[in-house]
Amino acid sequence: APITSANAFDAAIAALKADDNPLGTSDYMTSGQTIPGVTTTSENYKATIEYVDTVGKTRGTIVITAPTRDAYDDIIAEILSATAITQAYGADAVANRNTAKDSWNVRLKLHDPAGEIYFLAFTRKDLKISSYESDNILTKVEAWADGIAALN
């Protein structure tokens with residue numbers, strides 16, 4: 001089942017970035033720079049706002065794409081508070097958040113203490129692991145994911 005809220009999505013990712021990270025990732029050195037054991041390589045958030053009239057007819061839809069979670073929240077709040085947009089869709093239209101159509105995508109780069117670098121791609125509907133060689137990494141990720149309610 002899809003993750004039901006952006007907050008639950010954030011919590012799953014934040015757990016991996018915590019000091020006591022459950023996958024045991026470790027910082028590493030490259031080109032004289034210390035790189036954190038978990039880094040975000042890309043993120044993208046999409047939201048849908050529908051304008052519905054009093055008889056239930058959708059008068060218009062705005063879909064936004066945001067580069068960060070903060071921008072996602074800010075853009076949604078700005079659009080929902082814009083009475084000029086609501087009025088433009090019709091005097092009796094009401095802005096509704098259709099969160100079922102939202103999507104969130106975050107890709108993380110992780111460094112295993114054994115030296116291997118791998119990636120986890122989170123979406124609202126799944127978690128994908130890539131670029132790993134050791135089955136120990138897959139086992140750790142599966143065990144962690146099984147313990148996260150939002151991912152089951």
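For region 1-95, a Kirkwood hydrodynamic radius built from all Cα pairs, placed in the Stokes-Einstein relation at 10 °C and 1.306 mPa s, yields a translational diffusion coefficient of 96 µm²/s. Using a probe of 1.4 angstrom and keeping all protein chains present, the accessible surface of the chain works out to 56 square angstrom per residue.
Gain on full extension, evaluated as 0.36 nm per residue between residue 142 and residue 35 minus their Cα-Cα distance, stands at 36.1 nm. Surface composition of the chain: carbon plus sulfur atoms hold 51% of the accessible area, using a 1.4 angstrom probe and ignoring ligands, DNA and RNA. Take the Cα of residue 103, step 7 Å toward its Cβ, do the same at residue 81, and the gap between the two points is 2.9 nm.
The values are calculated or read from the model by the stated rules, or taken from the named source; none is laboratory data. Owing to the predicted nature of the structure, the values given are computational and were not obtained by experimental measurement. Every residue, glycine among them, receives a Cβ derived from its backbone with ideal geometry; neighbour counts consider all protein chains shown. Calculation scope for accessible area: heavy atoms of the full protein, side chains included, ligands and nucleic acids excluded. Shrake-Rupley method; radii C 1.70, N 1.55, O 1.52, S 1.80 Å.
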